[in-house]
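The values are calculated or read from the model by the stated rules, or taken from the named source; none is laboratory data. Everything quoted here is computed from the prediction, not taken from an experiment. Note that we place each Cβ from the backbone using ideal geometry, even for glycine, and neighbour counts take in every protein chain shown.
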Amino acid sequence: MKHTLLALALMSAVSLAACSKPATDTTAETPAPAAEAPADAMPPAEPAAADTSADAAMAPSNPMVGGAPMYADKDIIDNAVNSKDHTTLVAAVKAAGLVDTLKGAGPFTVFAPTNAAFEKLPKGTVDSLLKPDMKADLTKVLTYHVVPGKVDGAALKQQIAAGNGSATLKTVQGGTLTAKDDGKGGIVLTDAKGGMSHVTTADVMQKNGVIHVVDTVLMP
């Protein structure tokens, strides 16, 4: 009987010990939230786009003439017709039948009188020269303003220096012009009759030569 009571007491102790053992915590730990970037943080910089534009070769800029741009890849006539200061010259070139010549390969150096230059001539001179029966005389006047080859301002000044202050230019008409320094860094031309004309705009480059704008009509 004592043994039975002892066995029951031991079984009760084991049961109580089992009930008092703490349960294992199986709850998974919640990971800490990731740190947020500050509100004023800059977004990562994107790679700069590659510059695919070609570096175009820039030709020297031509001066404006008569309020119009002059293009070095156009010929003398195609540029001249856009100048509002050279409408009389263009009309004269057409009347003399020189359009095709001045659109040719050249090269030519043209001393181009403005409308104001033609207005300096005696009254009625231009109207007379534009008449069909005066074509030969008009052609002489116009070709007297043309020199074979491309003579820019720098080359002309070199010729003047080499000539001890003056250079003689042989024109397409057959006569000559005398070029000198005007004392102000510019160039003045003297014609066969002693008339003087100043270059007001030099080095207007053309596909087939160069134009120098002058302020007085040159007379052979």
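Observations on the model:
- Look at (1) in contact (Cβ under 8 Å) with a residue 12 or more places away in the chain; (2) surrounded by 14 or more Cβ atoms within 10 Å (Cβ to Cβ) and you find that Val188 fails only one, number (1).
- Long-range neighbours under 6 Å by Cβ, at least six apart or interchain, first residue closer than 16 Å to Ser128 by Cα and of a type outside the set (Val, Ile, Thr) within the stretch 75-103, second at pLDDT 95 or above and in a loop (DSSP other than H, G, I, E, B): Ala95/Leu130
- Scoring Thr168 on the criteria (1) surrounded by 13 or more Cβ atoms within 10 Å (Cβ to Cβ); (2) closer than 21 Å to Lys193 by Cα leaves a single failure, condition (1).
- The listed residue being over 21 Å from Asn79 (Cβ atoms) and crowded, with 18+ Cβ neighbours inside 10 Å, out of Leu102, Leu121, Leu177: Leu177
- Flag if Ala92 is surrounded by 15 or more Cβ atoms within 10 Å (Cβ to Cβ) and part of a strand (DSSP E or B): no
- Residues within the stretch 59-89 that are in a helix (DSSP H, G or I) and within 17 Å of Gly209 (Cβ to Cβ), tallied: 6
- Hey, Val188 more than 17 Å from Thr143 (Cα to Cα) and in contact with a Lys or Arg (Cβ under 6 Å, 6 or more places away or on another chain) or not: yes
- Residue count for the stretch 125-152 under the criterion of being among the β-branched types (Val, Ile, Thr), under 22 Å from Met205 (Cβ atoms) and assigned to a helix (DSSP H, G or I): the result is 1.
- Apart from one condition, Ser197 fits all of (1) of a type outside the set (A, V, I, L, M, F, W, C); (2) under 19 Å from Val81 (Cα atoms); (3) in a strand (DSSP E or B); the exception is (2).
- When residues of the stretch 114-144 are limited to those that are touching a residue at least 12 places away in the same chain (Cβ under 8 Å) and in contact with a Ser or Thr (Cβ under 7 Å, 6 or more places away or on another chain), the one nearest to Pro220 (Cα to Cα): Tyr144
- The numbered conditions (1) within 34 Å of the chain's Cα centre (by Cα); (2) under 20 Å from Gly209 (Cα atoms); (3) of a type outside the set (A, V, I, L, M, F, W, C) are all true for Thr139 except (1).
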